[in-house]
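Remarks on the structure that follows.
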Amino acid sequence: MLKSFFLGLLGIFLAAAPIYANGISISPILLTVSETGGPASLKVGSSRDSKVLIQVRIFNWSQVDGTDVMTEASDIRYAPEFLELDPGEEKTIRIRVPDTDGDGIWRIVLDELPSTDQVDSTFSDQNAGMNMRVRYVVSMFASEASNGDGLVFNLTGSEETKKLAITNNGTAYARLYGVELENAAQAANTLLPRSGEANGELAEQAISNTSLRPQLIYVLPGATISADVLKAPAAPDTVSYIIGEDRMTAPLK
């Protein structure tokens, strides 16, 4: 059974801060490297009670016909390719990226594998989970994120299967979260509480009014990505979203 845990979905946290999942810590959760190439690094730690074995791979990342496409990045050097972490141990993955003139877009994929402890303990309780695989994904870019220029929003699909299509006509990747569909003639229907509105009742009401999946959306330059609209206000005509620390609005076409 394959379990996937995409760290990108936790975009409301600071990209430079470590994130923790299943006893594994990764820092940072988003890497920005020099457009002319050079060194980068990623720290991986474990608070598990037993050894952890992780395979490291790096892929070129593109988006074609609304789908993520990953191909092996043969021009990137990195080490180690396998990490074995003892309880409480932290190790560093050292990376050297090529000169891409700012066009480099990659994903670092860390797959948890059965550790030597699990393999040696054939009849242990741990062995029952040997087929469980957890995946951690960190995005890496040779450019800064878009400030929202060039983004176009369209509502597509039928009444039952509405989708929000986001097209990035700019030259930088866009990283959006807290996306809200609104009707300018009505009070804003928020998916997440805004600053000063962090109140449980409001948050619950907001989620019931507007709901999209996924909640964190990457749109690469020249690409279009769609998010499922699970719930939305009647006749939405505006999109509100967060890039960095700024909330922005745009017309819905």
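Taking every residue in region 85-101 that is at positive phi and pairing it with any residue that is surrounded by 14 or more Cβ atoms within 10 Å (Cβ to Cβ) and acidic (Asp, Glu), at least 6 positions away or on another chain, the pairs with Cβ-Cβ distances below 8 Å are Asp101/Glu35. Candidates in region 129-174 are the residues that are charged (D, E, K, R) and touching a residue at least 12 places away in the same chain (Cβ under 8 Å); of these, the one that is nearest to Asp99 (Cα to Cα) is Glu144.
Checking each residue in region 18-62 for being of a type in the set (A, V, I, L, M), more than 15 Å from Ile105 (Cα to Cα) and touching a Phe, Trp or Tyr at 6+ places or on another chain (Cβ under 8 Å) picks out Ile19, Ala21, Ile24, Ile26, Leu53, Ile54, Val56. Scan region 92-114 and give yes if some residue there is open to solvent by 70 Å² or more (accessible area, probe 1.4 Å), of a type outside the set (Lys, Arg) and over 26 Å from Val219 (Cβ atoms), otherwise no. Within region 92-114 (the criterion being open to solvent by 70 Å² or more (accessible area, probe 1.4 Å), of a type outside the set (Lys, Arg) and over 26 Å from Val219 (Cβ atoms)), the answer is no, since none of the residues qualifies.
Within region 39-55, take every residue that is surrounded by 15 or more Cβ atoms within 10 Å (Cβ to Cβ) and among the small types (Gly, Ala, Ser) and give me the one that is farthest from Thr100 (Cα to Cα). By that ranking, first place goes to Ser50.
The values are calculated or read from the model by the stated rules, or taken from the named source; none is laboratory data. Because the structure is a prediction, the values reported are computed rather than measured. When we count neighbours, we look across all protein chains shown, and the Cβ atoms used for this are built from the backbone with ideal geometry, even at glycine. Side chains included, ligands, DNA and RNA excluded: accessible areas come from the protein's heavy atoms. Shrake-Rupley method; radii C 1.70, N 1.55, O 1.52, S 1.80 Å.
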